[in-house]
1. Inside segment 33-107, counting only strands (runs of 3 or more DSSP E) that do not spill past its ends, which hold 3 or more residues that are within 16 Å of the ligand (Cβ to nearest atom) and touching a Gly at 6+ places or on another chain (Cβ under 9 Å)?
2. Could you figure out which of (1) open to solvent by less than 10 Å² (accessible area, probe 1.4 Å); (2) hydroxyl-bearing (S, T, Y); (3) under 29 Å from E241 (Cα atoms) isn't true of S77?
3. Give me a count of the residues in segment 414-437 that are within 16 Å of the ligand (Cβ to nearest atom) and either at pLDDT 95 or above or aromatic (F, W, Y) (or both).
4. If I filter segment 360-398 down to residues being in a helix (DSSP H, G or I) and crowded, with 24+ Cβ neighbours inside 10 Å, which single residue comes out as nearest to the ligand (Cβ to nearest atom)?
5. Determine which member of the set L248, L243, L267 is more than 17 Å from the chain's Cα centre (by Cα) and farther than 30 Å from V524 by Cβ.
6. So, in segment 213-260, of the ones that are assigned to a helix (DSSP H, G or I) and among the charged types (D, E, K, R), which residue ends up surrounded by the most Cβ atoms within 10 Å (Cβ to Cβ)?
Amino acid sequence: MADLILVNGTLWTANSSQPWAEAVAVDGERIHRVGRTAEIKKLAGQKTRVIDLDGALVLPGFIDSHTHFLEGGFSLSSIQLRDVTSREQFVKRVEEKARGLRKGDWILHGNWDHEQFSPPELPRKEWIDGVSAQNPVCVCRYDEHIALANSLALAIGGITKDTKSPQGGEIQKDPETGEPTGILRDAAMDLVMRHIPQPSVETNQEAAETALRHARELGVTSLNDMADGSSFAASLAVYQELLKEDKLTARIHLYIPIDQIDTVETLGLRAPFGNDRLVIGGLKGFADGGLGASTAYFFEPYNDDPGNTGLLAPQMFPEGIMEKRILQADRAGLQVAIHAIGDRANSIILDIFDKITAQDGKRDRRWRIEHVQHLRPVDIGRFAELGVIASVQPFHAIDDGRWAETKIGKGRCRTTYAFKSLLDSGALLAMGSDWPVAPLNPLTGICAAVARQTTDGKNPDGWFPEQKIPLEEALKGFTLNGAYAEFSEKTKGSLEAGKLADIVVLDRDLFKIAPEEIKNARAVLTIVGGKIVYDRSGKMSRRRIP
Ligand SMILES: [Zn+2]
């Protein structure tokens, strides 16, 4: 007899041999059977909990292929600048935050977006110095490629007018005075950030629990954590603790920073290692910066900055090191996932994959490129050819789509977030959020992939509408393909007998509403490993049929 049964639903299963069903029976932490209500009902015994779905849409639990999860948890409790549209508001938020802190406490994260100011202008330290004299401030643009530091934070970082920009980064200086403006790009951010005190284990655990609650409420049952830099060790420590306490309500696949490859090799780790809840997976590296900061690496210069083609990430230096590390990882049997945004960064990484394949032969490596934001048309087909997974975040398309044309022109935008072209070429799209850079809610991502309406409302028919993809492809991107991208498609990613019972029930049928309405849908019930971890109304799990 089953432990839990959901009946009278509309199940989209992500299983091509049985794409639709009405009911599912769960036994322990696994799916026992998927089928018609009449047939599944027969599996109900005395102790079976039976939930009547009343027609609701049921999907495999969402898998987010790209998050910075712990940081996401912190972003929920830190200063909120994402919706700020003016200098006055910006200053006021910093002032309010500083008022609640002790002297010396840092003000971090923020996620501001200067493109929302009219006219768009980068903030300066002078804006906030007067309201934050006691507190170092280092607040990031939402893409985390630009930070604004106040004078106190710059002093802590030892940054003066004489400090040279580090490789892979820029300390912005005032053209008249030569003084730093407070704006730090990419590698320059680290000059300040390395002085930020490490949060305590308790603080990290609180952030992780906040993040997990957020994930449950959104129907996210699995996620990839691209914990970069020092946050890897902190994340792994916290997840182990949560696993022990049985509090990991999302399955986590943690990627290791690729500059740690020597340590990984010494340990003898061959990914994926762990269990159904927590896995240490492959290695994550960076090839370049981001578009918003003009540090994504292109073949041709930026349209609004003619001398600039972007920057390779510090991990690309000295020359040849990335190839060496990818090869080292590959020979140790470890998957790699490399951040590449600009067309040239993507091309370079594809070249490396190509070279290693030619050298060592083809096998099931599931190399990933993270973001795959801008591609030359000639590089699109190489993903399928080389079996490279395109790990994309559709929300970035509708967000960057507001201003991408000013930065790189219409021509290059045609193959920006080219989801449809990638699909047509046979590439596999694994989808995610990049939270906290973008919202964690997979439904905003799915909506972005199928409707491509920019967040400023200026592209009602979709930004480069020829790149819209069908709903089922977007759903696969957030379920089965996500499982494939972390080598776990045999155990999760679809509603199928024998797989882990990770299930989400939505408040409306995505197949019956306009594509642009998808973002308004909500998860009402989230099940992980057969356990109900979220029930929005508190009623769903009590609703039973005799
Ligand atoms: Zn990221």
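The values are calculated or read from the model by the stated rules, or taken from the named source; none is laboratory data. Being a predicted model, the structure only gives us computed values, none of them experimental. No Cβ is skipped: glycine too gets one built from the backbone with ideal geometry, and neighbour counts run over all protein chains shown. In case anyone asks, the SASA skips ligands and DNA or RNA and just uses the protein heavy atoms, side chains included. Shrake-Rupley method; radii C 1.70, N 1.55, O 1.52, S 1.80 Å.
1. On the way: elements: 49-52, 57-60, 62-67.
Because the criterion is at least 3 residues that are within 16 Å of the ligand (Cβ to nearest atom) and touching a Gly at 6+ places or on another chain (Cβ under 9 Å), the strands (runs of 3 or more DSSP E) in segment 33-107 that meet it are 62-67.
2. Every condition holds for S77 apart from (1).
3. Taking segment 414-437 and keeping what is within 16 Å of the ligand (Cβ to nearest atom), we get 417, 430-437.
Next cut, either at pLDDT 95 or above or aromatic (F, W, Y) (or both) only: 417, 430-435.
Qualifying residue count for the region: 7.
4. Step one: filter segment 360-398 for residues in a helix (DSSP H, G or I), giving 360, 377-380, 382-386, 394-398.
Now drop any that are not crowded, with 24+ Cβ neighbours inside 10 Å, which leaves 383, 394-398.
Numbers: F383: 19, P394: 14, F395: 12, H396: 10, A397: 15, I398: 17 Å.
By that ranking, first place goes to H396.
5. Working: L248 fails: farther than 30 Å from V524 by Cβ; L243 fails: farther than 30 Å from V524 by Cβ.
Going through L248, L243, L267 in turn, the sole match is L267.
6. Residues of segment 213-260 that are assigned to a helix (DSSP H, G or I), as a first pass: 213-217, 231-244, 258-260.
From what is left, the residues that are among the charged types (D, E, K, R) are 213, 216-217, 241, 244, 259.
Working: R213: 15, R216: 20, E217: 17, E241: 15, K244: 9, D259: 17.
It comes out as R216.
Table: residues versus (1) touching a residue at least 60 places away in the same chain (Cβ under 8 Å); (2) within 26 Å of F317 (Cβ to Cβ); (3) within 16 Å of the ligand (Cβ to nearest atom); (4) among the polar types (S, T, N, Q).
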| position | (1), (2), (3), (4) |
| --- | --- |
| P123 | yes, no, no, no |
| N135 | no, no, no, yes |
| C140 | no, yes, yes, no |
| A147 | no, yes, yes, no |
| N150 | no, no, no, yes |
| G158 | no, yes, no, no |
| G168 | yes, yes, no, no |
| Q172 | no, yes, no, yes |
| E176 | no, no, no, no |
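Matching residues to (1) of a type in the set (A, V, I, L, M); (2) exposed (fewer than 14 other Cβ atoms within 10 Å of the Cβ); (3) within 16 Å of the ligand (Cβ to nearest atom); (4) assigned to a helix (DSSP H, G or I):
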residue	(1), (2), (3), (4)
T295	no, no, yes, no
G307	no, yes, no, no
M322	yes, no, no, yes
Q328	no, no, no, yes
R344	no, no, no, yes
A358	yes, yes, no, yes
